[in-house]
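Presented below is the structure to which this report refers.
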Amino acid sequence: MFLSHFTLQDPGSEDSPPRATAAAPAPAPAPVSSVEFEHEENGTVSYLHEKPLRGIYHQAVKKSAVMRQIFSKPFIRPVQVRNDGLGLKRDHRGNLIFNWQPHANCEAVLAQSRGELAPVPCQRCKEGFGRFFGCMVMPGMFKGSCANCRWAANDCRCSFRPTVA
């Protein structure tokens with residue numbers, strides 16, 4: 001395995017370098033946060049360990065009650081993040097882009113590290129959909145949906161969620 005850093009820029013920052021003037025020193029670059037991933041050799045999976053997950057939680061602008069409740073539970077396992085498949089966004093250099101700011105995404109990644117492995121995966125996880133490997137559930141949260149389906153607020157598509165008749 002090897003380590004790499006994915007850089008997450010503030011959405012309001014510009015990609016162009018700051019311009020220096022003769023009268024004043026160059027302004028400092030926009031704030032950038034870094035999330036450290038550990039990768040497998042084949043490049044199809046990356047791991048997020050406890051420290052980077054704490055960083056994702058603490059960088060959240062607003063923390064939902066669910067997010068705080070999940071974060072208070074003990075860390076169980078590193079999160080296995082998919083690096084291939086449909087729906088992955090990449091920057092102009094080919095690096096994966098992860099948006100941790102929506103509550104659903106932050107809740108999903110935290111639940112993936114602290115939830116219970118479902119005895120039988122939901123239909124979407126069985127078919128290989130979702131940002132993560134493994135079908136983790138947090139009893140009493142997400143209206144029965146798994147953490148993988150919670151990513152991008154797709155929890156309504158989870159086969160664990162009871163349907164309303």
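Quick one: is G134 touching a residue at least 24 places away in the same chain (Cβ under 8 Å), surrounded by 16 or more Cβ atoms within 10 Å (Cβ to Cβ) and small (G, A, S)?
Details: touching a residue at least 24 places away in the same chain (Cβ under 8 Å): yes; surrounded by 16 or more Cβ atoms within 10 Å (Cβ to Cβ): yes; small (G, A, S): yes.
Yes; evaluated as a whole, the condition is true for this residue.
Residues of the stretch 143-158 being over 16 Å from the mean Cα position of the chain (by Cα) and either assigned to a helix (DSSP H, G or I) or surrounded by fewer than 17 Cβ atoms within 10 Å (Cβ to Cβ) (or both), which ones?
Step one: filter the stretch 143-158 for residues over 16 Å from the mean Cα position of the chain (by Cα), giving 143-145, 156-158.
K143, G144, C156, R157, listed by residue number.
Mind listing whichever residues of the stretch 121-131 are surrounded by fewer than 17 Cβ atoms within 10 Å (Cβ to Cβ) and among the basic types (K, R)? Lay out the reasoning, then the answer.
Filtering the stretch 121-131 for residues surrounded by fewer than 17 Cβ atoms within 10 Å (Cβ to Cβ) gives 123, 126-128.
Scanning the stretch 121-131 gives a single hit, K126.
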Subject >> Of the criteria (1) farther than 16 Å from V66 by Cβ; (2) assigned to a loop (DSSP other than H, G, I, E, B); (3) of a type in the set (A, V, I, L, M, F, W, C), which one W100 fails >> reply: (1)
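If you check Q80 against the conditions, is it assigned to a strand (DSSP E or B), modelled with pLDDT of 90 or more, out of contact with any Cys (no Cβ under 7 Å at 6 or more places or on another chain) and closer than 21 Å to M138 by Cα? Don't jump to the end; show me each part of the working.
Numbers: assigned to a strand (DSSP E or B): yes; modelled with pLDDT of 90 or more: yes; out of contact with any Cys (no Cβ under 7 Å at 6 or more places or on another chain): yes; closer than 21 Å to M138 by Cα: yes.
Against the criterion (assigned to a strand (DSSP E or B), modelled with pLDDT of 90 or more, out of contact with any Cys (no Cβ under 7 Å at 6 or more places or on another chain) and closer than 21 Å to M138 by Cα), Q80 qualifies.
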Original post:
Looking at A118, A104, A111, which is the one that is surrounded by fewer than 17 Cβ atoms within 10 Å (Cβ to Cβ) and at pLDDT 90 or above?
Top reply: A118
Original post:
So how many residues does the stretch 56-69 have that are outside any loop (DSSP other than H, G, I, E, B) and more than 14 Å from the chain's Cα centre (by Cα)?
Top reply: 4
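Here is a yes/no grid of residues against (1) at pLDDT below 55; (2) surrounded by 10 or more Cβ atoms within 10 Å (Cβ to Cβ):
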{"residue": "F6", "(1), (2)": "yes, yes"}
{"residue": "P17", "(1), (2)": "yes, no"}
{"residue": "K51", "(1), (2)": "no, yes"}
{"residue": "H58", "(1), (2)": "no, yes"}
{"residue": "I97", "(1), (2)": "no, yes"}
**OP:** Working only within the stretch 60-94, note down all residues that are of a type in the set (K, R), more than 21 Å from G144 (Cβ to Cβ) and exposed (fewer than 14 other Cβ atoms within 10 Å of the Cβ).
**Re:** K62, K89, R90, R93
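The values are calculated or read from the model by the stated rules, or taken from the named source; none is laboratory data. Bear in mind the structure is a predicted one, so any value in this text is a computation, not a measurement. Methodologically, a virtual Cβ is constructed for each residue, glycine included, from the backbone with ideal geometry; neighbour enumeration extends over all protein chains shown.
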